[in-house]
Every structure is written in C-alpha cells, then in structure tokens.
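Asker: Below: one structure in structure tokens.
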Amino acid sequence: MNFELKTLGLDGVAADKSDALIVLVPQDLKAGRDGLGQLIGQAAKSGDFEAKPGRILSLYRTPGAGAVRTVLAGVGEGGPRHVRQAVGAAVASVKSAGVKRITVVFAGAAPAPGVAAAVQALADASYVYTTTKTKAEPRALARAVIGVPDAAAVRTAFAEAVAAVAGIEFAKEWANRPANHATPALLAQAAKSLARFARVKVEVLGPREVERLGMGAFAAVAQGSEEPLRFIVLRYDGAARAEAPVVLVGKGITFDTGGISIKPAAEMDEMKFDMGGAAGVLGTFRALAELQPRLNVVGLIPATENMPDGRAVKPGDVVTSLSGQTIEILNTDAEGRLVLSDALTYAERFKPRAVIDIATLTGACVIALGNVRSGLFSPDDALADALLAAGEAAQDPAWRLPLDDDYAEGLKSNFADVANVAGRAGGSITAAKFLQRFAAAYPWAHLDIAGTAWRGGAAKGSTGRPVGLLLRYLLDQVGTAAPAAAAKAPARKAPARAGSRVRPGR
C-alpha cells in the first residue's frame, strides 16, 4: 500500500476525492464552523454518535466531504491503542464497498504515536495473502492519505511507521507461506533479496560449512530432513565499523513435525509458523533497509526442517554444540533451543553490544501469556527495560519473566553437560535457562513469541510480530552505541541448566 502524509483538516476534506473518508474524532472535540465539524457536533448532540473508542457512524455523500463514504470513528482520549481500534473498525465498515483510496483525518490533535497507529491499522486491515492462491482477490486498498494539522511535526513518526509496515508485511509473507514454499533454501533467497538495498549484506552457509564450524546441535536437528539446512547471516552496516552491532537471532524451523518425538496431527499445519523468529529478523532488516538508520545490526537465522526420517536424531542422543558443551536430547520436539544454541555461540564473533534471540519456542509461554504479550527473558535489566519500553511504544508488548537459577536444576544430565528439556513446570523459563548457557559472553535477551507470532482459527495467519518491537528498540539505540569490546569467554560448564518439555512453537 502507498501512504501519503498531508497537512489536512476538516475544512479541507471537501477537495479530497478519496473513495472513503475516515474522521478520527476525540471525545473532547469542539464543533467547528465547517460543515463536517458541525455535522459531528449535531450527531453527538443527538446521541447518534459517541467518540468512544471503536464507535463508528457511517455516512453517504456527506456535505462538506469530497469522499463518497464518510465514517466518523471515535478515538476516546486519542491514544495509539484507541486510534488503532478506531481505524480498524472504520476500514472494516467500508471494505466491501470496493474502496481503493482512503483518507484518514485527525479531527483533533495528531500526536506521533497516533499517526503511527493509524498507518499500522490501515495496513493490518487491508493485508491479503495471495502467493499460493490462483484466484485470490488482490489487495483492494491501494492508497492511503493521512491528514494531520501539521505534517512536518509528525513526518519522522510517519516514515518510521511506513517502514515498520514494510517489514511486518515482509515477515507475514514468509511466515504465511506453506512449508514447501518456504524451505530453508527459499528462506535464504528471501534474505538475499534484501541485499539489493544499500548497506545490507547477506551470506548463506550450507551443511558443509556448518559441519566445519562445529555446529553439532544445529546439524543434529537438520539431519532428518531431505531439505538441506541453511545458516543465514545478514549485516546492516549503517554506522562506523568500530561500533558494536546488535545481533538478532531468529529461530528458522521452516516446518516442525517434532521429529521422532512427533506432534499430534491436529493443527500440525500451523507448524509452518515455527520460523516466526526468522521471519521477524527478515522483516526487521526490510524495515532497516527502508529507513537507513546509523547503527550496525547483524541477523543470524539457523534454518532447517525438523523431520522424523530414519536419519533423524533420537531421544537420548548426545551432540556437541559449537560452544563445546554436550547436550543430551531427551525430546526431539525441543529442537528450537538446539539450533539457537549454536547461533548464540556464533554471535560471539561479532563482539556485540547486545544479542536478542526471537523464537516460537514453547507452548508454555502461550499458556502463561496467551496471544497478547510476548515472553521476555533477560538477566540484563537495562536491555530488558529497553525492550519492554520499545514494545509498549510499538504496540507490540512483551512481559518479563524470571530467570532464577533455581529454574535451571531440572536439566542436569547423567550423560552430557546439559539436557535439552526439563519437566513441564515453568517450561518457558527452563527453555530460556537452557539458552542462557550459550549467551554468557554478552548482554542477552530472549523473546518467546509462540503466542504472538500467528493466529489460528478463522483468522489463521502471521501477525508479523515482533518486527515493530525490534525496530523501535533498534531506532532507540541510534547514537547510543559504544565501540566493540572483546567478548568475555563463556563458561563451558555453567551452573544454569534447563529446558522445557512443552511443545516448541505451540
């Protein structure tokens, strides 16, 4: 969708020839002298319209409006959540009318967060997946104008929101594709497509390179699949080389059967979404490419299927990770933490200022937080606080969960340095404790997006989360980075040992 920002008020919409006009009305709006302003006042006075969040009033060929259809949409106090709710409800009311060009006008103040929320809501309401459909309807809504009292005052927020939409929709596209249309090799091609943008470089490693590196945990997950693994390395170099990068690590299980510890058949099709972390990293790089901020970012994506082939890893097998630590694989359906462990160790070579891994890791996180907030784990308060704040600002919220060492007791193994699962209790936490063993060399955070990366049921599809959170965090880091410092050597037998027996991703 094409977005345009204009300085436009109610007194100017008569000249705007959109198919539909959405007027965002705050509850404290005073009726103006223009025709549309007076109409809003009369509708409110008669009780036909209330400016409460989500309340709408649809009008046809309204005097004072150039659009055929006009929708008054209440935004309450005008916060971003209410703006998003109002725009979503208004677009839904005109969607069936073949609207291709829409104008959204703020009748009152237009703060930057509200403008960003309007852009994101328009994109969400009009998004359509078409790649594997032969008779799919194309995206009906092609152009949107955002009208505000002062366009110059919110231009930066508008540009960031448009870039976030580009990233979110890139993530949705690849997460929504069926697994046979989003293999590890095709995911690598998606990454390579981003190299056409300035400052973005992509390197793809195959099975031989991964074996030579010693990524035994990653290779173990991949050995049961006919589809060869790919280890994708993206770089966005927007700052001086001496500036330490933020590293994003995305779980890229392009389909997860559970391996030998096979999942139930019901809803197994949704395991195509188990590469939601990888999609999030790709989407974030797409947004960075659009904005070209002054910072350095690295993206790491270990991509593979998890299949129950005769060559597949078995419960009880012991593998050696890139870190040198040995892992007893008690449950092959806890594969996400295995591929991430090697990627987290690989991240050390970049001497990062921070590492954030993103994964549809545990069903336990879905039980704990549902589909509203992603689970956030970090031993670093400053990093955790920054991510939480970014999530709130981007309307992509997270919730911090504990990492007490006591949770690590469940994965002591008689046959390896650590086992990959513990008991059912606290499954999302023990999975994070497992990952923490491999992230001792730098500030680290883990986002469990098992409940937020996609929706099931009639609305089945990717949400594109947490691209919004990650992009906001990264933009907040511009100008605050310190020079790269030598990474401290991680302890090879750290006391924290844990995992989760709950199904990764769901």
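The values are calculated or read from the model by the stated rules, or taken from the named source; none is laboratory data. It should be emphasised that the depicted structure is a prediction, and the values quoted were computed from it without experimental measurement. Because the Cβ atoms are built from the backbone with ideal geometry, glycine has one as well, and the counts that use them run over all protein chains shown. Surface accessibility is based on the protein's heavy atoms, side chains included, excluding ligands, DNA and RNA. Shrake-Rupley method; radii C 1.70, N 1.55, O 1.52, S 1.80 Å.
Asker: Taking R0 as 35 Å, what's the FRET efficiency between residue 130 and residue 198 from their Cβ-Cβ distance, rounded to 0.05?
Answerer: Once rounded, the FRET efficiency stands at 0.75.
Asker: From Cα pairs below 8 angstrom and at least 6 apart in sequence, can you work out the relative contact order of the chain, rounded to a whole percent?
Answerer: 14 percent
Asker: Which entries of 133/314; 351/460; 6/201; 6/95 have Cα-Cα distances beyond 28 Å here?
Answerer: As for pairs spanning more than 28 Å Cα to Cα, those are 133/314; 351/460; 6/201.
Asker: Follow-up. Over the range 378-440, with every protein chain in place, what whole percent of the accessible area is carbon and sulfur at 1.4 Å, could you tell me?
Answerer: Carbon-and-sulfur percentage of accessible area, whole number: 50.
Asker: If you take the beta carbon distance between residue 371 and residue 351 as r and set R0 to 41 Å, what does 1/(1 + (r/R0)^6) give as a FRET efficiency, to the nearest 0.05?
Answerer: 0.70
Asker: Extending each Cα 7 Å along its Cβ direction at residue 389 and residue 58, get the distance between those two points in nm, one decimal.
Answerer: Once both label points are built, they end up 4.3 nm from each other.
Asker: Here's another thing I want to ask about it. Provide the per-residue ³J(HN,Hα) series for the range 330-338, in order, calculated from phi with Karplus coefficients 6.51, -1.76, 1.60 and θ = phi - 60°, each as a whole number of Hz, with x at glycine and proline positions.
Answerer: In residue order, the calculated couplings are 7, 9, 6, 7, 9, 8, x, 5, 5 Hz.
Asker: Name the residue farthest towards the positive end of the dipole of the chain from the options 364, 98, 238, assuming +1 on Cβ of Lys and Arg, -1 on Cβ of Asp and Glu, about the Cα centre.
Answerer: 98
Asker: Which of the three applies to the range 163-265, rounded, prolate or oblate, going by the alpha-carbon gyration tensor with a ≥ b ≥ c and a/c under 1.5 meaning rounded?
Answerer: Here the range 163-265 falls in the oblate category.
Asker: Would you mind telling me the share, in percent, of accessible area of the range 273-357 contributed by carbon and sulfur at probe 1.4 angstrom?
Answerer: 46 percent
Asker: Right, next: With a ≥ b ≥ c the root eigenvalues of the C-alpha gyration tensor of the range 337-413, is it rounded (a/c under 1.5), prolate (a/b larger than b/c) or oblate?
Answerer: Because a/c hits 1.5 or more and a/b fails to exceed b/c, the range 337-413 counts as oblate.
Asker: Take the alpha carbon gyration tensor of the range 255-382, find the square roots of its eigenvalues, order them as a ≥ b ≥ c, and report rounded if a/c is under 1.5; if not, report prolate when a/b exceeds b/c, else oblate.
Answerer: Because a/c hits 1.5 or more and a/b exceeds b/c, the range 255-382 counts as prolate.
Asker: Which peptide among 160-172, 83-95, 176-188 comes first, and what is the full order, when sorted by highest mean count of other Cβ atoms within 10 Å?
Answerer: Answer by packing, highest mean first, reads 160-172, 83-95, 176-188.
Asker: Which whole-number percentage describes the relative contact order of the range 1-133, with Cα contacts under 8 Å and a sequence gap of 6 or more?
Answerer: Relative contact order comes out at 31 percent.
Asker: Which value in nm describes the separation of the simple spin-label points at residue 33 and residue 156, placed 7 Å from the Cα toward the beta carbon?
Answerer: About 3.6 nm, to one decimal.
Asker: On to the next question. Mean separation of Cα pairs under 8 Å and 6+ residues apart, divided by the residue count of the range 90-207: what relative contact order is that in percent?
Answerer: 29 percent
Asker: Now for a separate question. With just the Cα atoms defining each centre, how far is the range 28-87 from the range 171-233? Give it in Å.
Answerer: About 48 Å separates the Cα centre of the range 28-87 from the one of the range 171-233.
Asker: Please compute the per residue accessible area over the chain with all protein chains in place, 1.4 Å probe, rounded to a whole number of Å².
Answerer: Per residue, the chain has 39 Å² of solvent-accessible surface.
Asker: Would you kindly derive the ³J(HN,Hα) couplings of the range 455-471 from the backbone phi angles with the Karplus curve 6.51 cos²θ - 1.76 cosθ + 1.60 (θ = phi - 60°), listing them in order in whole Hz, with x for Gly and Pro?
Answerer: Couplings: 10, x, x, 5, 9, 3, x, 6, 9, x, 7, x, 4, x, 4, 5, 5 Hz.
Asker: Another one. Of all DSSP beta bridges in the chain, what percent run antiparallel (nearest 5)?
Answerer: 40 percent
Asker: Computing the accessible area with a 1.4 Å probe over protein heavy atoms, can you report the carbon and sulfur percentage for the range 10-89?
Answerer: The C+S portion of the solvent-accessible surface of the range 10-89 is 47 percent.
Asker: Give me the distance in nm between label points sitting 7 Å out from Cα along the Cα-to-Cβ direction at residue 476 and residue 45, one decimal.
Answerer: My value for the distance between the label points is 4.5 nm.
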